[in-house]
Amino acid sequence: MVTGQAQHWDDWNSKYRQLDKMDDLDQPCRRRMDEVIASLRSLGIRGAKLLEVGCGTGWLSVRLAEFGTVTAVDLGKDIIESAKKAHPEIDFRSGDIQAMDLAKGSFDVIVSLETFSHVPDQAAFVRRLSSLLKANGLLLLTTQNKYVFERKAGIGPAVGYLRKWVDLKTMRQLLRPEFEICHATTLEPEGHLGSLRLVNSPNVNRFCSSFLGAARLKKLKESAGFGQTIFVIAKRR
C-alpha cells in the first residue's frame, strides 16, 4: 500500500507542485500556508526544531526554515531527491512516518498539511506525532473537511491513494487523547450541495454581506465549520 501511494504522490506532486514557486498554488493552499506561517510568527517560534509530515516537493519546508531547523518527510521518493538537491540545508527524508528512524520527543513543532486523510490509521498517526514532540510541543495540522467535501460537486473517486475525510468533531476526538486543542476552525467556505446550497448561495451571500461585510461573513462561516479545510493548533499533553 505504501509503495503504491509513494508513486502516486511522486506523480501528483511532480504535476501540480514546484519547490520554489507559488504560482501553482490555488487559493485554499495559499490560505493554509499563510495561516501556518502567521500562527508560527504570532506564537513567537524561533530557533525551533520543526518536522513537516507530508512535505511533497518541500515548497512549504523552505519557508518553515524561518523558524528553525527543518526535517521534512514524505512517502514520495523522486520529489524528495529533487528537494534534497535544491535545498541541502533541510533534512529531507523519504518514507513512512510510522517506520522512520526519528528520535522520540525531539521536535518543538510539527506541521502537516492535507496529509491526515491519506493515512490508514489516523489514531496511530496522532500517537506517532505526539511521541515525536517534546513536552508541550505544538502540532499545526490541516485536513479536508468531510462535511464540505461530501457537499462539493466534481469530486472524483480516490484512485491510487487512500482517502478518509474527517469532520471537525472527529478531528477533535482523535486529537484529545494526546493533545490539548488550542485552536480549531475551518478555512475557505465551499460546497453547493445539500445544506451548503443555501449557505453559499450567491443571493444569500450578497444580502448578508450588505450589512455584515464580506470578510466578516466569510469568518462567520469558517467558525461555523463551513470551510473546506480544517485547521487545528494543538499542544502535546
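Kirkwood hydrodynamic radius, computed over distinct alpha-carbon pairs, for region 133-190: how many Å, to one decimal?
Mean inverse Cα-Cα distance, inverted, gives 13.5 Å.
Using only DSSP helix segments of four residues or longer, with each worth -39500 (n - 2.57), what per-residue ellipticity at 222 nm results for the chain after dividing by its residue count and rounding to 500? Each step should come with its number before you reach the end.
Working: 10 runs with 92 residues, N = 237.
Using -39500 (n - 2.57) per qualifying helix, the result is -11000 deg cm²/dmol.
Could you give the radius of gyration (one decimal) and Dmax (whole number) of the Cα atoms in region 1-137, in Å?
Reported Rg and Dmax, both Å: 14.2, 39.
Step through the table entries K49/K77; K77/K221; K49/K152, compare each Cα-Cα distance with 27 Å, and write down the pairs that go over it. Intermediate results must be reported in sequence, preceding the final value.
Values: K49/K77 23 Å; K77/K221 38 Å; K49/K152 37 Å.
As for pairs spanning more than 27 Å Cα to Cα, those are K77/K221; K49/K152.
Return the Rg/Rh value of region 99-237, two decimal places, where both radii are evaluated on C-alpha atoms and Rh is the Kirkwood radius.
On the way: Rg = 17.0 Å, Rh = 16.3 Å.
My calculation of the ratio gives 1.05.
Given region 99-138 reduced to its alpha-carbon atoms as identical point scatterers, what log10 I(q)/I(0) does the Debye formula return at q = 0.29, 0.32, 0.33 Å⁻¹?
Computed log10 I(q)/I(0) values: -1.09, -1.16, -1.18.
Can you give the Kirkwood hydrodynamic radius of region 187-228 from its Cα pairs, in Å with one decimal?
Result for region 187-228 stands at 10.1 Å.
Please list, in chain and number order, the residues 5+ apart from G137 or on another chain whose amide H is under 5 Å from its amide H, with Hs placed from the backbone.
R236
How far, in nm, would the chain grow between K85 and F207 when pulled straight, counting 0.36 nm per residue and subtracting the alpha carbon separation?
Numbers: separation 122, 0.36 × 122 = 43.92 nm, distance 5.20 nm.
Gain in length upon complete extension: 38.7 nm.
Report P(r) for the chain: all Cα-Cα distances, bin width 10 Å, range 0 to the bin holding the largest distance, values in whole percent.
7, 31, 37, 19, 5, 0
How high is the relative contact order of region 101-237? Use alpha-carbon pairs under 8 Å, at least six apart in sequence, and give a whole percent. Don't jump to the answer; show the numbers that get you there.
Details: 242 pairs, mean separation 45.4, N = 137.
Relative contact order comes out at 33 percent.
The numbers here are math on the coordinates, done by the rules we state, and not lab data. These figures come from a predicted structure and were not determined experimentally.
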